[in-house]
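One structure is given below, encoded as structure tokens.
The values are calculated or read from the model by the stated rules, or taken from the named source; none is laboratory data. For clarity, every value in this text was computed on a predicted model and none was experimentally measured. Note that we place each Cβ from the backbone using ideal geometry, even for glycine, and neighbour counts take in every protein chain shown. Surface accessibility is based on the protein's heavy atoms, side chains included, excluding ligands, DNA and RNA. Shrake-Rupley method; radii C 1.70, N 1.55, O 1.52, S 1.80 Å.
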Amino acid sequence: MVEASRSRISPCVVRLWRRFALPALVGALLVLVAPAGAAARPLITGVSGMSEDDPIAFQRTAAAGTQLVDKPLGWGSVAPAEEPSDWDPTDPGDPNYNWASTDLWVTRAVQAGLDPFLIVDGAPSWAQRCQAPAPLTGRLCDPDPAKLVAFATAAARRYSGYFQGLPRVRFWQGMNEPNLSLFFNPQFKDGRPASPTLYRALINAFYAAVKSVDPSNTVIAAGLGPIGRGRWAIAPMRFARLLLCMNGRRDPHPTRGNCGGGVHFDVFDMHPYTTGGPTHVPRGGDDVALGNLAKLQELLTAADRAGRIKGRYRRTPLWITEFSWDSKPPDPGGVSMPILARWTSEALYQAWSAGISRFFWFSLRDFPSEGAPFSETVQSGLYFRGPTLAEDKPKRSLYAFRFPFVATSQKTGISFWGRTPTSSPGRVIIQVRDLNGWRTAAVARANRAGIFQGVVKTTYGRNKRGYVRARYRREAAIPFSLKPVKDFYQPPFG
Amino acid sequence: MAHATGGRPQRCQLSQGRLVCWGEMRAPGVRFSLMLVATLAAMSTASAPAATVPPGNSAADQYTESYPGPGGSQQVDPNASGSPAQVLGPENAARLRRLGAKGREAAALLAATAPDGGGRDASGLNQGASGKGGDPGIEDSGGSSSLAEIAGQATGASSSGEMGLLLPLVIAGAVVASVAYLWRRRRRTV
């Protein structure tokens, strides 16, 4: 067929055919896919910062291939502004509490088939033991652990599955980004880091409260911001070491003493926003981005071994409940859409490779800029924000998030990794693009977590050109270019 | 970036049986040198981060790595109230004091604008950012010494990815080479 049509096509096309497609075709005949599914380690995704309670928002979240959705549970907005003289703060039915918006949100999340995840955050002024100085006025300042116990008990009881027909919430996080002055104060006292010690008391109290309601609840700690910044933010590795009473950057080991009986949580959470691409390693020795999660894993392993972490698991899992980049458009300082789609897949692969089992994208839809500079607002949604939620438009990166797939050209062939959109097992077809369109190069098998990986023995893409994609059932992943994209300076929020 | 060559008058002359036009840039060496200069100039703009994030507490600041500005990687605290002796070390402060009013003014200015922890280096009391009781204003520099950092900047080996002193040296070299080439060629053709 090729010979017959040769006379009608230009010599240039013939040359291209000989150079790229023919070797690929021969290579495909010799295809050898490494046994996929060797590791059944899952990569379950979620969407974070999802404050909408419209059913459409939850449907879209689920349609993004996610199983989890999180939202801050604002202690300050549920609890009364003034502390009542006569009330029971541990009673979820106390009339002084206003749970209406959270009730609706949790109910709709469960209706959409999602597992809700609440981050108890903020505090009413009467539960704070200091006031943050300017320019941090109004930010959270030293919440009282005893008062947090009461609120967390009420919240866990309300969403225990046994209260007024409300659904159950299994995942509970105590506070958000306690290493940043944006969310927690004071960071330092008399020149010494203060927030890790304060946070240790809080998370221990929170753990006790949430577990007292249902020991099978999962308590998530930290959710650290990625960067240390002078007196405003403690670098996450430094914060984690101080929190867990560990010493040593290179060889983490416990400090003297028993760390007040240890730190109680089940899962450690990190928000590894990068100032570059998915493999970017930050300059600061104690900063953590997606590209250097291993050192945080190493610290957690050492802390587990030293008995510092008192949680459910022998090896404490590390989750990522926030990660994203702003997109261009709409943010002129964001990542262009083709690169964003590529980086989204790569970020998921990078996280999975680092042992992360839960990965949340921040967020479902772009935030409104409302006149603020783009660098100060978040345009990292999976959807472009429209005038109404129904008018939001999906970004290309949404498809990469739903069906992540990466491929790299190596000496032995094309190495690939992916996760099926529904995290379900099955047959996955790996295709390469040549002059005639997409052509099957290999067939892989996704394991029970939906993960598939392997190597296609082929000469296709040896020159770092060409596109590869995966097909699962009737859905195709975003084509992945074999041409690498080098890391470059890119602030996460544009 | 578009290169406009049309419309410009070209000065040509017959030389050794060959028409040489000055406006055309026929010589590959000259073209290469100019391209090199243009590329390096473009690189110098591209390699620098678009904006050095100032210390602060906005959402953008606390999620984005800062890159060294004129004050280095350490941040200047305008409210710092360290004395000149603390910042500069007692000997240097005394030396400036001896210079009279101007010296005292300079010492005061240095003390007011010094990065956090600057004085500790001078007085030999640097405890390191991650050490116990480290100043909150000092973040870890990743373990490289000041001298190594200066050498890195000078040779372009800095981990920041910027070219440091190397870039102007290369540009200057390229310009000198171009001028020398043109001069030599002109001597040959005249």
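Worth a mention:
- Residues within the range B:55-113 that are within 30 Å of A:Thr377 (Cβ to Cβ), outside any loop (DSSP other than H, G, I, E, B) and modelled with pLDDT of 70 or more, tallied: 3
- Qualifying residue in the range A:236-250 (condition: without any contact (Cβ under 8 Å) to a residue 12 or more places away in the chain, more than 13 Å from every other protein chain (Cβ to nearest Cβ), assigned to a loop (DSSP other than H, G, I, E, B) and out of contact with any helix residue (DSSP H, G or I) (no Cβ under 8 Å at 6 or more places or on another chain)): no
- Only one of the numbered conditions (1) at the interface with chain B (Cβ under 9 Å from one of its Cβ atoms); (2) surrounded by fewer than 24 Cβ atoms within 10 Å (Cβ to Cβ) is violated by A:Arg229, and that is (2).
- Filter result for the condition that a residue is in contact with a Ser or Thr (Cβ under 7 Å, 6 or more places away or on another chain), hydroxyl-bearing (Ser, Thr, Tyr) and open to solvent by 50 Å² or more (accessible area, probe 1.4 Å), over A:Ser212, A:Ser216, A:Ser125: A:Ser212
- Checking each residue of the range A:460-473 against the condition of being within 14 Å of chain B (Cβ to nearest Cβ) and either modelled with pLDDT under 95 or within 24 Å of A:Lys411 (Cα to Cα) (or both) gives no match.
- Among the residues of the range A:278-306, those identified as part of a loop (DSSP other than H, G, I, E, B), small (Gly, Ala, Ser) and within 13 Å of chain B (Cβ to nearest Cβ) are A:Gly284, A:Gly285, A:Ala289.
- Of the listed requirements (1) assigned to a loop (DSSP other than H, G, I, E, B); (2) aliphatic (A, V, I, L, M); (3) crowded, with 21+ Cβ neighbours inside 10 Å, A:Ala156 misses just one: (1).
- Selection within the range A:386-423: residues that are out of contact with any helix residue (DSSP H, G or I) (no Cβ under 9 Å at 6 or more places or on another chain) and charged (D, E, K, R). The member of this set that is most open to solvent (accessible area, probe 1.4 Å) is A:Lys411.
- For the range A:167-181, residues that are more than 11 Å from chain B (Cβ to nearest Cβ) and open to solvent by less than 30 Å² (accessible area, probe 1.4 Å) total 9.
- Being within 30 Å of A:Pro272 (Cα to Cα), without any contact (Cβ under 8 Å) to a residue 40 or more places away in the chain and not β-branched (Val, Ile, Thr) holds for only one residue in A:Tyr489, A:Tyr467, and it is A:Tyr467.
- Inside the range A:448-476, residues that are open to solvent by less than 40 Å² (accessible area, probe 1.4 Å) and basic (Lys, Arg) make up a count of 1.
- Residues of the range A:252-270 that are away from chain B (no Cβ under 12 Å) and free of Cβ contacts under 8 Å to residues at least 40 places away in the same chain: A:Arg256, A:Gly257, A:Asn258.
- Total residues in the range A:185-199 satisfying the condition of being touching a Cys at 6+ places or on another chain (Cβ under 8 Å) and either in a strand (DSSP E or B) or more than 11 Å from chain B (Cβ to nearest Cβ) (or both): the figure is 1.
- Residue in the range A:439-447 that is assigned to a loop (DSSP other than H, G, I, E, B), in contact with a helix residue (DSSP H, G or I) (Cβ under 9 Å, 6 or more places away or on another chain) and either surrounded by 23 or more Cβ atoms within 10 Å (Cβ to Cβ) or not aliphatic (A, V, I, L, M) (or both) present: no
- Restricting the range A:477-494 to residues that are under 19 Å from A:Leu435 (Cβ atoms) and out of contact with any Ser or Thr (no Cβ under 7 Å at 6 or more places or on another chain), the residue that is least open to solvent (accessible area, probe 1.4 Å): A:Ser481
- Counting the residues of the range A:139-148 that are outside any helix (DSSP H, G or I) and touching a residue at least 40 places away in the same chain (Cβ under 8 Å) gives 5.
- Residues of the range A:46-59 satisfying the condition of being open to solvent by 40 Å² or more (accessible area, probe 1.4 Å), under 21 Å from A:Pro421 (Cβ atoms) and within 18 Å of the chain's Cα centre (by Cα): none
Condition check ((1) within 13 Å of chain B (Cβ to nearest Cβ); (2) in a helix (DSSP H, G or I); (3) modelled with pLDDT of 95 or more) across all residues:
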{"residue": "A:Thr107", "(1), (2), (3)": "no, yes, yes"}
{"residue": "A:Leu118", "(1), (2), (3)": "no, no, yes"}
{"residue": "A:Gln131", "(1), (2), (3)": "no, no, yes"}
{"residue": "A:Ala134", "(1), (2), (3)": "yes, no, no"}
{"residue": "A:Thr137", "(1), (2), (3)": "yes, no, no"}
{"residue": "A:Ala150", "(1), (2), (3)": "no, yes, yes"}
{"residue": "A:Phe183", "(1), (2), (3)": "yes, no, yes"}
{"residue": "A:Asn204", "(1), (2), (3)": "no, yes, yes"}
{"residue": "A:Lys211", "(1), (2), (3)": "no, yes, yes"}
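Residues are listed down the side, and each one gets a yes or a no for (1) open to solvent by 30 Å² or more (accessible area, probe 1.4 Å); (2) in a helix (DSSP H, G or I); (3) on the phi < 0 side of the Ramachandran plot:
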site	(1), (2), (3)
A:Tyr349	yes, yes, yes
A:Trp361	no, no, yes
A:Ala372	yes, no, yes
A:Ser375	yes, yes, yes
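- Any hit, the range A:210-221, residues being touching a Pro at 6+ places or on another chain (Cβ under 7 Å) and not basic (Lys, Arg): no
- Pairs linking a residue in the range A:193-219 that is more than 11 Å from A:Ala156 (Cα to Cα) to a residue that is surrounded by 19 or more Cβ atoms within 10 Å (Cβ to Cβ) and modelled with pLDDT under 95, with Cβ atoms under 8 Å and 6 or more positions apart or on different chains, are A:Pro193/B:Pro136.
- Qualifying residue in the range A:278-288 (condition: open to solvent by less than 10 Å² (accessible area, probe 1.4 Å) and of a type in the set (S, T, N, Q)): no
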